[in-house]
Amino acid sequence: LPSPIPCSFVQPVTPDLLVSPSSQDGDLGSECPEDRGNWTGRLDFLLSCIGYCVGLGNVWRFPYRAYTNGGGAFLVPYFIMLAICGIPIFFMELSLGQFSSLGPLAVWKISPLFKGVGMGTILIVSLVAIYYNMIIAYVLFYLFASLTSDLPWQHCGNWWNTELCLDHHVIKAGNNTLPVNISNTVSPSEEYWSRYVLHIQGSSGIGDPGRIRWNLCLCLLLSWSIVYLCILKGVKSSGKVVYFTATFPYLILVMLLIRGVTLEGAWKGIRFYLTPQFDHLLSSKVWIEAALQIFYSLGVGFGGLLTFASYNTFHQNIYRDTFIVTLGNAITSILAGFAIFSVLGYMSQELGVPVNQVAKAGPGLAFVVYPQAMTMLPLSPFWSFLFFFMLLTLGLDSQFAFMETIVTAVTDEFPYYLRPKKASFSAVICIALFLMGLILTTEGGMYWLVLLDDYSAGFGLMVVVITTCLVVTRVYGMKRFCRDIHMMLGFKPGPYFRACWMVLSPATMMALLVYNIVKYQPSEYGNYRFPTWAEVLGILMGVLSCLMIPMGMVVAVLQEEGTLWERVQQASRPAMDWGPSLEENRTGMYVASLAGSQSPKPLMVHMRKYGGITSYENTAIEVDREMEEEDEEASM
């Protein structure tokens with residue numbers, strides 16, 4: 001090997017190769033771990049992140065949260081919390097994944113003492129994947145039900161309807177000018193959802209699930225089959241599917257928005273949605289709600305962002321991607337609010353009731369209120385099909401991320417055994433989660449879904465994110481983490497990111513955690529209150545993901561030698577092979593730390609390969625020089 005070029009002889013140059021190898025159109029294989037797989041196109045990663053973040057919550061949670069927390073005034077705390085909590089944690093997760101090219105379990109080579117955080121993440125994601133795919137199954141059910149000339153939830157008089165059913169078409173046809181009392185009545189869409197789709201009358205509660213609803217079971221099987229076929233070849237296949245699933249919802253959303261705002265009474269709903277009530281900003285609840293919306297909407301802590309970034313090339317510009325995805329996600333939420341509330345305004349005018357009586361959040365909006373609104377439009381089956389197709393595409397790419405996270409995490413732990421059989425392993429995971437989700441297809445399945453939704457990703461997820469933030473900044477070290485990003489992107493994060501990582505983000509999330517514990521309310525579904533044993537089971541689901549952290553610590557400490565304190569110190573240091581996955585990207589302290597490493601200077605690999613010094617090699621030289629100066633200062 002040629003001798004390394006001394007730093008003193010290297011002048012900063014402007015070479016032909018100022019762009020990173022990752023941004024060239026040629027063969028990218030040498031820049032990526034071939035045996036692990038990587039994105040095959042430039043937009044795969046960006047669209048996957050957009051698809052993952054922009055999900056069902058943007059449509060059915062944000063608009064409702066906005067109108068109940070001050071309307072347009074809610075956007076003030078929303079964007080402040082996005083800046084304090086959302087963007088910094090998002091960038092941290094992407095940086096960890098891209099720098100190490102490892103999944104959410106193996107990435108804890110950064111500090112093996114805290115590997116339990118990764119185990120907790122996988123447990124949370126597995127529980128969420130079970131019930132999230134059930135929601136997609138409901139969407140498929142409604143999608144197929146829309147393929148008809150008359151929507152089945154349009155009229156009363158079906159076998160599942162009761163005497164309380166009130167058909168708005170009948171009221172309108174009768175030209176009834178007197179206000180109708182609808183407080184003791186039920187809409188056809190609500191009875192279709194609860195009595196036909198769920199058949200919830202066949203269950204007395206969560207302890208009595210009743211029989212399996214085979215039509216729902218088949219929809220769940222179809223849902224898992226679609227997910228499996230799309231993740232069959234890992235990011236190579238899912239990265240292509242998201243070109244459709246991440247972009248098509250925007251087309252449908254715009255169509256629904258245009259249709260919505262042209263309806264009579266639409267502005268009544270939009271005014272209700274956006275009228276600012278600034279007195280709400282004095283309430284702590286509004287700020288907490290804004291932080292919660294950001295937290296869950298961006299999907300931080302679930303491991304999906306870290307997993308996607310781990311398939312990037314080493315110099316991918318994730319700084320730019322962070323702002324594109326986070327701001328795009330926020331704008332989509334606001335846009336969805338217009339599409340939803342314009343239709344709700346029209347619906348309230350048709351029924352002659354205030355908007356707040358028809359506005360709902362969650363499944364109530366997607367499967368009761370909006371389908372009812374669709375029946376009031378001309379060509380109602382067409383608009384219903386479009387709406388549910390949008391929900392399907394929104395849900396699927398989030399589910400791809402959950403599954404890719406689980407599969408990647410485990411295959412990175414056992415690369416020699418599982419990577420060659422990744423397709424078979426993915427099939428095993430999908431079948432196992434499908435079988436676990438069968439209880440959700442029973443007559444009492446909705447009770448179990450609510451329990452999973454309330455507890456699987458509650459305080460456990462917050463503990464995981466807070467711990468990750470503290471370990472990276474305190475245990476691994478802020479200076480070292482910023483140096484890693486400098487090596488990867490060519491610049492260090494500014495004071496804004498450092499302040500958020502060190503103080504603002506963890507403090508905000510701790511406040512969220514305390515608020516959630518103090519304001520704890522037992523789960524309920526409609527008028528049904530969950531029994532104590534179900535509450536305890538739910539709390540245990542949340543606690544178990546937290547317990548993974550101390551359990552992981554015990555295992556890590558037992559694997560070291562020496563006194564207890566020495567073991568803790570050794571386990572908290574990065575593993576020997578921590579760092580960039582490719583030898584040519586390793587500089588400074590990461591040189592020759594890979595197993596079987598031959599090269600004393602990975603810089604030489606770049607020079608032989610590209611015939612000159614690129615902008616990233618200049619960065620590597622700067623980092624090396626900076627570290628040498630720090631070592632000299634420390635020795636003095």
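The values are calculated or read from the model by the stated rules, or taken from the named source; none is laboratory data. As the structure is a prediction and not an experimental result, all values here were calculated from the model. Methodologically, a virtual Cβ is constructed for each residue, glycine included, from the backbone with ideal geometry; neighbour enumeration extends over all protein chains shown. Keep in mind that these areas ignore ligands, DNA and RNA; they rest on the heavy atoms of the full protein, side chains included. Shrake-Rupley method; radii C 1.70, N 1.55, O 1.52, S 1.80 Å.
Points to keep in mind about this one:
- Selection within the stretch 220-245: residues that are of a type in the set (Gly, Ala, Ser) and farther than 15 Å from ASN38 by Cβ. The member of this set that is most open to solvent (accessible area, probe 1.4 Å) is SER225.
- Residues that are farther than 21 Å from ASP150 by Cα and either of a type outside the set (A, V, I, L, M) or part of a helix (DSSP H, G or I) (or both) within the stretch 357-380 comprise GLN357, LYS360, GLY362, PRO363, GLY364, listed in sequence order.
- Taken together, the residues in the stretch 470-526 that are among the aromatic types (Phe, Trp, Tyr) and open to solvent by 30 Å² or more (accessible area, probe 1.4 Å) amount to 5.
- Residues that are surrounded by 23 or more Cβ atoms within 10 Å (Cβ to Cβ) and of a type in the set (Val, Ile, Thr), drawn from the stretch 338-357: ILE340, VAL343
- Residue, nearest to LEU386 (Cα to Cα), within the stretch 246-294, restricted to residues that are open to solvent by less than 10 Å² (accessible area, probe 1.4 Å) and small (Gly, Ala, Ser): GLY260
- Of all residues in the stretch 300-322, those satisfying the criterion of being in contact (Cβ under 8 Å) with a residue 12 or more places away in the chain, part of a helix (DSSP H, G or I) and either open to solvent by 10 Å² or more (accessible area, probe 1.4 Å) or of a type in the set (Lys, Arg) (or both) are LEU306, TYR319.
So that you can scan it fast, the table gives a plain yes or no per residue for (1) surrounded by fewer than 20 Cβ atoms within 10 Å (Cβ to Cβ); (2) part of a helix (DSSP H, G or I); (3) touching a residue at least 40 places away in the same chain (Cβ under 8 Å):
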| residue | (1), (2), (3) |
| --- | --- |
| LEU537 | yes, yes, yes |
| GLY542 | no, yes, yes |
| SER545 | no, yes, yes |
| MET548 | no, yes, yes |
| VAL554 | yes, yes, no |
| GLY562 | yes, no, no |
| ARG567 | yes, yes, no |
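- Of the residues PHE74, PHE90, the single one that is farther than 27 Å from LEU433 by Cα, surrounded by 21 or more Cβ atoms within 10 Å (Cβ to Cβ), modelled with pLDDT of 95 or more and aromatic (Phe, Trp, Tyr) is PHE90.
- Those residues of the stretch 122-165 which are open to solvent by 50 Å² or more (accessible area, probe 1.4 Å), outside any helix (DSSP H, G or I) and either out of contact with any strand residue (DSSP E or B) (no Cβ under 6 Å at 6 or more places or on another chain) or not hydrophobic (A, V, I, L, M, F, W, C) (or both), in sequence order: LEU147, THR148, SER149, ASP150, HIS155, GLY157, ASN158, TRP159, GLU163
- Residues in the stretch 112-121 that are open to solvent by less than 20 Å² (accessible area, probe 1.4 Å) and touching a Phe, Trp or Tyr at 6+ places or on another chain (Cβ under 6 Å): GLY118 alone.
- Number of the condition not met by PRO63 [criteria: (1) modelled with pLDDT under 90; (2) open to solvent by 10 Å² or more (accessible area, probe 1.4 Å); (3) over 21 Å from LEU396 (Cβ atoms); (4) within 21 Å of the chain's Cα centre (by Cα)]: (2)
- Unique match (being open to solvent by 30 Å² or more (accessible area, probe 1.4 Å), among the hydroxyl-bearing types (Ser, Thr, Tyr) and at pLDDT below 85) among SER22, SER8: SER8
- Taken together, the criteria exclude ILE171 from residues that are modelled with pLDDT of 90 or more, of a type in the set (Val, Ile, Thr) and either in contact with a strand residue (DSSP E or B) (Cβ under 6 Å, 6 or more places away or on another chain) or more than 24 Å from GLY445 (Cα to Cα) (or both).
- Close Cβ contacts (under 6 Å, 6 or more residues apart or on different chains) running from residues in the stretch 343-363 that are within 23 Å of ILE258 (Cα to Cα) to residues that are among the hydroxyl-bearing types (Ser, Thr, Tyr) comprise VAL355/SER348; VAL358/SER348; ALA361/TYR64.
Residue-by-condition table, conditions (1) farther than 24 Å from TYR311 by Cα; (2) at pLDDT 95 or above; (3) of a type in the set (A, V, I, L, M, F, W, C):
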{"site": "PRO420", "(1), (2), (3)": "no, no, no"}
{"site": "ILE429", "(1), (2), (3)": "no, yes, yes"}
{"site": "VAL450", "(1), (2), (3)": "yes, no, yes"}
{"site": "LEU461", "(1), (2), (3)": "no, no, yes"}
{"site": "VAL471", "(1), (2), (3)": "no, yes, yes"}
{"site": "MET487", "(1), (2), (3)": "no, no, yes"}
{"site": "PHE491", "(1), (2), (3)": "no, no, yes"}
